[in-house]
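Read the figures in this text as sums done on the coordinates, not as results from a lab. Keep in mind the model is a prediction, meaning the values are calculated, not measured. Cβ placement follows ideal geometry from the backbone for every residue including glycine, while neighbour counts extend to all protein chains displayed.
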Amino acid sequence: MIRIALLSLLLAATLRAGGTPNIVIIYADDLGYGDLGCYGHPTIRTPNLDRMAAEGMRFTQFYSAAEVCTPSRAALLTGRYPIRSGMCHSKIRVLRNNSTGGLPAAEITLAELLKERGYATACIGKWHLGVWSNNPANHPMKHGFEFQFGLPHSNDMNPNPGNPKLAGSLAEQNPAWWNAPLYRGMELIEQPADQTMLTRRYTEEAKKFIEVNKSRPFFLYFPHTFPHTPLFASKDFRGASPRGIYGDVVEELDWSVGQVLDALRNAGIDKNTLVFFSSDNGPWLIMNQQGGSAGLLREGKGSTWEGGMRVPGIAWWPGKVPAGKVCRDVACTMDIFTTGAKIAGAVVPQDRAIDGLDITPLLFEGGKVAREAFFYYRGTELFAARVGRWKAHFITQSAYGKDGPAKHEPPELYDLENDPSERFDVAADHAEVLRQIEAVVAKHRAGVQPVPNQLEAVMEVK
Ligand code: MG
């Protein structure tokens, strides 16, 4: 044991001497494409994310690999479409607080790859890849993370209606009603968690992790609880934004990003750290004023229209990622897996399909990446596919959830570069393009193996 510890310390010291970079992923929950100042929001103030974009690269066609929480996180951490890991389901959209399933042990997370390379690893925030109080195998610490602080699932999944839903006379949500469980490792440290303090506490933990590990390579995975509803902000932010409570929450997330980047600068490791900021899916439109905005994109969370899956994407690495660059090429969260492995000197698994691409040519070299297609799944169903500028919808379903899925034969076709809002179906004029997309889809489908579904298993009711 001591020998292994010494060897891993030695490996860490060697890696640091060789300039092995740290990797930080900050992942918002249900933040829309149009919710940040640098993506055109007129009233939400996000000076830290705007600065991050000005010092780094802002993507305009960046995708999450799913339109809801659980599959999106599985894709980010494994570099694979969730259809390959069984982490999606067409009816059960996400893992719930009584689920026993979770990310299969056979899946290889970015944390596992990096830990093997001597990285310190932490998951701070919302997990949503399995509830460990139902099945200990679901804990982040079983998936490559040495440290964990946060919630096992969304902040709305464990309500205790024995409490009043609203707190005080200001029509504010009552954390006791929502009853979210906050963990440090396997230990439940607070329930109901004071959700007004979650962003602040996550941020303090992240800063501490950076400070403690500044002299060795580390991977910080920082998936925020917000702006998923119910919305809570600390008193410094509550009531501050012209955009109401949603704006308060996003402005506090922005503050948190600034704290993390400052912690890297203060530790003198900003020039050796790749930070990626993104969101797990589009805005939760059915929450009305409490949901965000996809800007000019159509629809939001839960749909495979662009607003459901195209999200903010900002990369920052002073001195490596050129400052102030806007990248209009297609990229996605699964690429963070492959790219993270590459810059850490790790080899992506060779025994399985990996869908993420190495985007270091986009990030560092002003080059291009050969991407054949991007696939839009809703649960286990392939709803749409993008090849180049063209997107074909085989099935559509509204984010507002009023209608069931609609099948399109022939598929609807949109030119996303000319018509990013998906307003004009041009299928009739481009039969050849549709045939090409259908061929790409057939090839993709042929490479997808059936796997056991992870979202169905639940605790038995006694
Ligand atoms: Mg989400």
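Work out the P(r) tail for the stretch 179-271: percent of alpha carbon pairs separated by more than 20 Å, whole number.
Across the stretch 179-271, Cα pairs with separations above 20 Å total 42 percent.
Given 0.36 nm per residue, what is the gain on full extension from residue 408 to residue 326 after removing their alpha carbon distance, in nm?
Numbers: separation 82, 0.36 × 82 = 29.52 nm, distance 3.43 nm.
Length difference between fully extended and current span is 26.1 nm.
How many percent of DSSP beta bridges within the chain run antiparallel, rounded to 5?
Of the beta bridges lying entirely in the chain, close to 55 percent run antiparallel.
Given the stretch 322-382, what whole percent of its Cα pairs are spread farther than 16 Å?
53 percent
In the chain, if the dipole is taken from +1 on Lys/Arg beta carbons and -1 on Asp/Glu beta carbons about the Cα centre, which of 447, 330, 120 is farthest to the positive end?
Looking along the dipole axis, the top candidate is 120.
Any idea how far apart residue 271 and residue 458 come out in nm if each label point goes 7 Å out from Cα toward Cβ?
Taking the two extended label points, one gets 5.5 nm.
Can you give me the P(r) profile for the chain? Cα pairs, bins 10 angstrom wide beginning at 0, each as a whole percent.
4, 21, 33, 27, 12, 2, 0
With only Lys, Arg, Asp and Glu charged, each at its Cβ (+1 for the first two, -1 for the last two), find how big the charge dipole of the stretch 328-462 is about the Cα centre; round to the nearest 20 debye.
Once rounded to the nearest 20, the dipole reads 260 debye.
Which aspartates and glutamates, if any, have their Cα less than 13 Å from the Cα of residue 320, not counting same-chain residues under 8 positions apart?
55, 270, 365
Compute the distance in nm between two label points, each set 7 Å from the Cα along the Cα-to-Cβ direction, one at residue 440 and one at residue 54.
Computed distance between label sites residue 440 and residue 54 equals 3.6 nm.
Of 325/407; 271/368; 126/402; 91/165, which sit over 31 Å apart, Cα to Cα? Intermediate values should be presented prior to the final figure.
Details: 325/407 39 Å; 271/368 24 Å; 126/402 29 Å; 91/165 28 Å.
Listed pairs above 31 Å: 325/407.
Hey, rough spin-label estimate for residue 431 and residue 351, points 7 angstrom out along Cα→Cβ, what's it come to in nanometres?
4.8 nm
Any chance you could list the semi-axes, whole Å, largest first, of the equivalent ellipsoid that the Cα gyration tensor gives for the stretch 220-375, using √(5λ)?
29, 22, 14
Using helices alone, what [θ] at 222 nm do you get for the chain, with -39,500 (n - 2.57) per DSSP H run of 4 or more residues, divided over all residues and rounded to the nearest 500?
-8000 deg cm²/dmol
Let me spell out the model: positive unit charges on the Cβ of Lys and Arg, negative unit charges on the Cβ of Asp and Glu, origin at the Cα centre of the stretch 97-197. What dipole size does that give, in debye rounded to 20?
On the way: 6 positive and 9 negative charges, 15 e Å.
Its charge dipole is roughly 80 debye.
Stretch residue 262-residue 449 to full length: gain in nm at 0.36 nm per residue minus the Cα-Cα span?
Gain in length upon complete extension: 62.9 nm.
Rounded to the nearest 20 Debye, what is the dipole magnitude of the stretch 374-446 about its Cα centre when Lys and Arg each give +1 and Asp and Glu each give -1 at the C-beta?
Dipole magnitude for the stretch 374-446 comes out near 340 debye.
For the chain, build the charge dipole from Cβ charges (+1 Lys, Arg; -1 Asp, Glu) around the Cα centre, then report which of 220, 176, 197 sits farthest towards its positive end.
220
Just name one of 264, 457, 374: the one whose Cα is farthest towards the positive end of the charge dipole of the chain (beta-carbon charges, Lys/Arg +1, Asp/Glu -1).
Value computed over the given set: 264.
Using alpha carbons only, how many angstrom separate the centre of the stretch 393-462 from the centre of the stretch 166-228?
When both Cα centres are located, 35 Å separates them.
Over the stretch 320-462, calculate the relative contact order: mean separation of alpha carbon pairs under 8 Å at least 6 apart, over the residue count, as a percent.
12 percent
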